[in-house]
Amino acid sequence: MDNWKKISFLVGVFAFMREFRPIDTFYAAYMTSPYINCTVEQIPTELYAVGSYSMFVLIIIIFLVTDYVRYKPVLIVDGLGGVMHYIAITNRPSKLRIQFGQAFFGFFYSAEVALFGYLYAMVEEKEFYQKITGHARAATLTGKFFSSCLSQILATYYGTPPFNAFVYMSIFGMSFTTIWAIFLPKVNQSLYFLNKKKVEETSMGQSTVTIYNPEKYKDSQLSIEAAPNEKKVDKPENNEVVEAEQSLINTLYNDFKQSYSDPYVRKLCFWWAVAMGGYLQVYAYMTVLYSYVLEENEDTEFTLYNGAAESLTTLIGALSAFAISKVKWNWYSVGDIFFTVGSVIAAIVLLCCVYCRNLWYIYAFYIIYGMVYQTMLTIAEPKYYTSTHVKQI
């Protein structure tokens, strides 16, 4: 089996089980249930806020530490963070214990950067980046679909969500994720720390255009093979490594300067940061919106179909992500139009969610938003990582 297929499979299993968290689709309902008895107002202000601030503080630290420890340890600790979060909300927890768990949940979400970073660090063939990203994204969404579908089936079967069972099932999913991460192949070469290889090809044009125009990649490979006698850059005598003595700060600064000197990369990174932050907020607070609308409508007979909505969102998103990974367009040329149209559609459906007071319509708008977001993210993520984090060595 080719290396990229093997790594894609291993990361796919990790991503699938990482999303097996049945309690998430009914988290707000669990918080407002007699087991915990929080109010709808307390959930975003006193509980979710802890996770959000924790994520904000940790994500920059994790971004740097991840490369230093070569990704795999962060994936292991990521699973442990998920285990700690769900253990903290078992057996009628106090508000303090829930907030403690939310801090771990912030770390859990922050460490997601290591998942795709590991994937790209293990696969050297950049022409496969779009494909492996689509596979990993599809695995992530399929795991979320399975988790949401199972939670909805059990909630419908029992007439009410079995919250305790959902929490323990989520602990199982996080435990499996941790064990699987332990047996993942390790990354042999750090990209910034202790890196003694010379970066011979650091053209930003190649790191963005080549990956998203496979034909151009092939042409460039052929041109290199056809001109073996072409003058090459002189190498230092005695095989001295040019960057061996360069400090870490200078290395990071030079890479930052190189990456963000391209205006296209700056636009892409701005979009990625805003879109990812927005999605995490929508995903976390959507269940709160469901409970808020029911309370505002004073509807005590409506059956929540949070799991069904989430499962449809992820299933359609997985299919669209997998399909878009097969498209061989030159995204460097058509990317602006693609992301502009997609972002406008996402904004419109989110506004509809805010002002609508019919849960069926809210479910439908959320499904559309999830499909559009996951499609755009499948294209954006390999661009983001390869142009700002993964250097060609």
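The values are calculated or read from the model by the stated rules, or taken from the named source; none is laboratory data. Predicted model only: the values in this text are computed from it and were never measured. Note that each Cβ is placed from the backbone with ideal geometry, even for glycine, and that neighbours are counted across all protein chains shown. Ligands, DNA and RNA are excluded from the accessible area calculation, which covers all protein heavy atoms including side chains. Shrake-Rupley method; radii C 1.70, N 1.55, O 1.52, S 1.80 Å.
Worth a mention:
- Filtering the stretch 37-51 for residues that are within 19 Å of the chain's Cα centre (by Cα) and either open to solvent by less than 10 Å² (accessible area, probe 1.4 Å) or not aromatic (Phe, Trp, Tyr) (or both) leaves a non-empty set.
- Residue match in the stretch 295-305 (condition: in contact with a helix residue (DSSP H, G or I) (Cβ under 8 Å, 6 or more places away or on another chain) and assigned to a helix (DSSP H, G or I)): no
- Near pairs, Cβ below 6 angstrom, 6+ apart or cross-chain, from the stretch 321-344 (of a type in the set (Gly, Ala, Ser)) to any residue that is in a helix (DSSP H, G or I) and open to solvent by 50 Å² or more (accessible area, probe 1.4 Å): SER325/LYS131
- Taken as a whole, the structure leaves ARG97 outside the set of residues that are open to solvent by 60 Å² or more (accessible area, probe 1.4 Å) and assigned to a loop (DSSP other than H, G, I, E, B).
- Selection count where residues are assigned to a helix (DSSP H, G or I) and either open to solvent by 20 Å² or more (accessible area, probe 1.4 Å) or out of contact with any Ser or Thr (no Cβ under 7 Å at 6 or more places or on another chain) (or both), scope the stretch 1-25: 14
- Just one residue in the set SER33, SER54 is among the small types (Gly, Ala, Ser) and not in a helix (DSSP H, G or I); that residue is SER33.
- Scanning the stretch 351-365 for residues that are crowded, with 16+ Cβ neighbours inside 10 Å and touching a residue at least 40 places away in the same chain (Cβ under 8 Å) yields a count of 4.
- Given (1) outside any helix (DSSP H, G or I); (2) open to solvent by less than 30 Å² (accessible area, probe 1.4 Å); (3) out of contact with any helix residue (DSSP H, G or I) (no Cβ under 6 Å at 6 or more places or on another chain), number of the condition ARG92 does not satisfy: (2)
- Selection status of ALA321, more than 30 Å from THR45 (Cα to Cα) and surrounded by 14 or more Cβ atoms within 10 Å (Cβ to Cβ): yes
Yes or no, residue by residue, for (1) under 22 Å from SER147 (Cα atoms); (2) outside any helix (DSSP H, G or I); (3) at pLDDT below 75; (4) touching a Leu at 6+ places or on another chain (Cβ under 9 Å):
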site	(1), (2), (3), (4)
GLY317	yes, no, no, yes
ALA321	yes, no, yes, yes
VAL344	no, no, no, no
ALA347	no, no, no, no
TYR369	yes, no, no, yes
MET376	no, no, no, no
GLU381	no, no, yes, no
VAL390	no, yes, yes, yes
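- One residue from GLY79, GLY117 being modelled with pLDDT of 85 or more and under 19 Å from the mean Cα position of the chain (by Cα): GLY79
- Hits in the stretch 139-163 - residues which are open to solvent by 20 Å² or more (accessible area, probe 1.4 Å), under 27 Å from the mean Cα position of the chain (by Cα) and among the polar types (S, T, N, Q): THR142
- Criterion (of a type in the set (A, V, I, L, M, F, W, C) and under 25 Å from PRO161 (Cα atoms)) met by exactly one of ILE132, ILE60, ILE43, ILE76: ILE43
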